[in-house]
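The values are calculated or read from the model by the stated rules, or taken from the named source; none is laboratory data. Model, not experiment: these values are computed from the prediction. Using ideal geometry, Cβ is built from the backbone for each residue, glycine included, and neighbour counts are taken over all protein chains shown. To get the accessible areas, we keep the full protein, side chains included, count just its heavy atoms, and leave off ligands, DNA and RNA. Shrake-Rupley method; radii C 1.70, N 1.55, O 1.52, S 1.80 Å.
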Amino acid sequence: MFKKIGPGVLVAAAFIGPGTVTACTLAGAAFGYTLLWAMLLSIIATIVLQEMAARLGIITQRGLADVIKSELKTPLIRYSVIGIILGAIVIGNAAYEAGNIGGATLGLEALFGVDYVNYYPLIIGICAFGLLYIGNYKVLEKVLVSLVIVMSLSFVVTAIITKPDLGQIFKGLFIPEIPQNGILTLMALVGTTVVPYNLFLHASLVSEKWKSKDDLNSVRRDTYISIALGGMVSMCIIIAASTIQGETITNVLDLAKGLQPLYGSAAKYFMGIGLFAAGVTSAITAPLAAAYVVNSCFGWRVGLQHIKFKMVWMVILALGVGFLFFGYTPIEIIKFAQVANGILLPLIAVFLLWIVNKVSVMGDYRNTKFQNAIGILIIVLALALGLKSIFKVIGLL
């Protein structure tokens, strides 16, 4: 069973980063169980898109950027799209890497206090560097799967400790409601779950692990189970935060402090372990995704152990640690990344839907009509998310 689990878990590890944890915490603290349905919708959309990317990876044995590049015949369109992909994924992941490492740092702070807080980013950076430098996919997969299990248990136990109201949970899941002033929080939940770089990461990882079309059912099972698990973890964070609704919460550590008077110090430690695991997994997968994208865009076709591949993730990781260690927040770079990702998500959703319908690429494994109908709905959602991201940066939201 465990031999068949892998890339999907890494994708779940990638989207449950500090940003997701914070968004879920704020959603639960502000609106209780009301927005659980938005997370359920996000997970369904993520499963549909990631299944397409994974299917593309195993059938073509290439990365998503590589396939897009080969299928776009007009040079101007091809280079424009590749430029947007590189800008959004590579520069974006470099800017967000500081946030991933910062989230893991908060987790260590909850566990061990603030005495050595200045050294935490370096410790996390060294751990991520070591795992990536080994360049062995199986080792990386086992470590990340273990971290995801630890993270899942931590947040699930935290939610159980709070003794949630099951009736209200089912109401929040299946009766859609947008509370007053809740639209931006709703969009944040969807935007932090449906992540463009995961589509590139998933296609590349699947082609790395599986070589036969006969394994497609295993790929799908891995995708469905892993992303559903990721969704459950996100929902558990919302549920835990709902118990201290009305208090001023800015991040997950505030949630841990809020739970402590009611549920003891155990809540703080469970939240700390969960946040550390979420930060570390994202701190590893973000540079990894950037390296795969550059590999595909420039047609290197090299493996994890090649110096070109390693140089890309080294730069991303070094920038993340550097930004955090020296207290520098690259606001302009982050704004650029937000705009680029806002353009990239609907663009890639359109290209992905187009490519998985091409007989010349997918053969008998192309989309069904039902998959296309769901895909079109997701493109509309991706367009709304993209516009929201762009408007927010230019100050219209």
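Please compute the net charge surrounding V393, taking Lys and Arg as +1 and Asp and Glu as -1 over other residues with Cβ under 15 Å from its Cβ. Don't jump to the answer; show the numbers that get you there.
Details: positive: K335, K388, K392; negative: E332.
Taking every other residue near V393 into account, the sum is +2.
Taking 25 Å as R0, compute the FRET efficiency from the Cβ-Cβ separation of V380 and L166 and round it to 0.05.
Values: r = 33 Å, r/R0 = 1.30.
Calculated value: 0.15.
Please identify the longest segment of the chain free of exposed trypsin sites (Lys or Arg not before Pro), where exposed means a DSSP state other than H, G, I, E or B and no more than 15 other Cβ atoms within 10 Å.
Values: sites that count: K73, K211, R301, K358.
The longest such stretch corresponds to 74-210.
For the chain, what are Rg and Dmax over the alpha carbons, in angstrom?
Both quantities, over Cα of the chain: 19.9, 62 Å.
Specify which residue in the list I331, L132, F15 is farthest towards the positive end of the charge dipole of the chain, using unit charges on the beta carbon of Lys, Arg (+1) and Asp, Glu (-1), about the Cα centre.
Value: L132.
Strictly over 31 Å apart at the Cα level, which of K138/K308; K211/K358; K209/K392; K213/K388; K211/K335 would you flag in this model?
Values: K138/K308 20 Å; K211/K358 21 Å; K209/K392 39 Å; K213/K388 38 Å; K211/K335 39 Å.
The answer is K209/K392; K213/K388; K211/K335.
Specify whether the C-alpha gyration tensor of segment 1-145 places it in the rounded, prolate or oblate class, a ≥ b ≥ c being the square roots of the eigenvalues: rounded for a/c under 1.5, otherwise prolate if a/b is larger than b/c and oblate if not. Working shown, then result.
Details: a/c = 1.66, a/b = 1.38, b/c = 1.20.
In terms of gyration-tensor shape, prolate.
If you take the charge dipole of the chain about its Cα centre, with +1 on Lys and Arg Cβ and -1 on Asp and Glu Cβ, which of Y33, V359, L347 is farthest toward its positive end?
Farthest towards the positive end: V359.
Under a Cβ-Cβ cut-off of 10 Å, what is the net charge of the residues other than S207 that fall near it, where Lys and Arg count +1 and Asp and Glu count -1?
Numbers: positive: R62, K209, K211; negative: D66, E208.
Net local charge, S207 excluded: +1.
Compute the angle between helix 120-134 and the longest alpha-carbon principal axis of the chain, please, reported from 0 to 90 degrees and rounded to the nearest 10.
Once rounded, the angle reads 30 degrees.
In nanometres, what is the gap between the two model label sites at L387 and E332, each 7 Å from Cα along Cα-to-Cβ?
3.0 nm
Say we join alpha carbon atoms closer than 10 Å with springs in a Gaussian network model of the chain; which of A373, A14, A318 then has the biggest fluctuation?
In the Gaussian network model the winner is A373.
What whole-number value in Å² describes the accessible area per residue of segment 78-147 for a 1.4 Å probe?
Working: 3100 Å² over 70 residues.
Value for segment 78-147: 44 Å² per residue.
Largest first, how would W300, W37, W210 line up by accessible area (1.4 Å probe)?
Details: W300 75, W37 40, W210 15 Å².
These residues rank, largest area first, as W300, W37, W210.
With +1 on each Lys and Arg Cβ and -1 on each Asp and Glu Cβ, how big is the dipole of the chain about its Cα centre, in debye rounded to the nearest 20?
For this selection, approximately 1060 debye.
Which one, G264, Y116, T185, is farthest towards the positive end of the dipole of the chain when Lys and Arg carry +1 and Asp and Glu -1 on their Cβ?
T185
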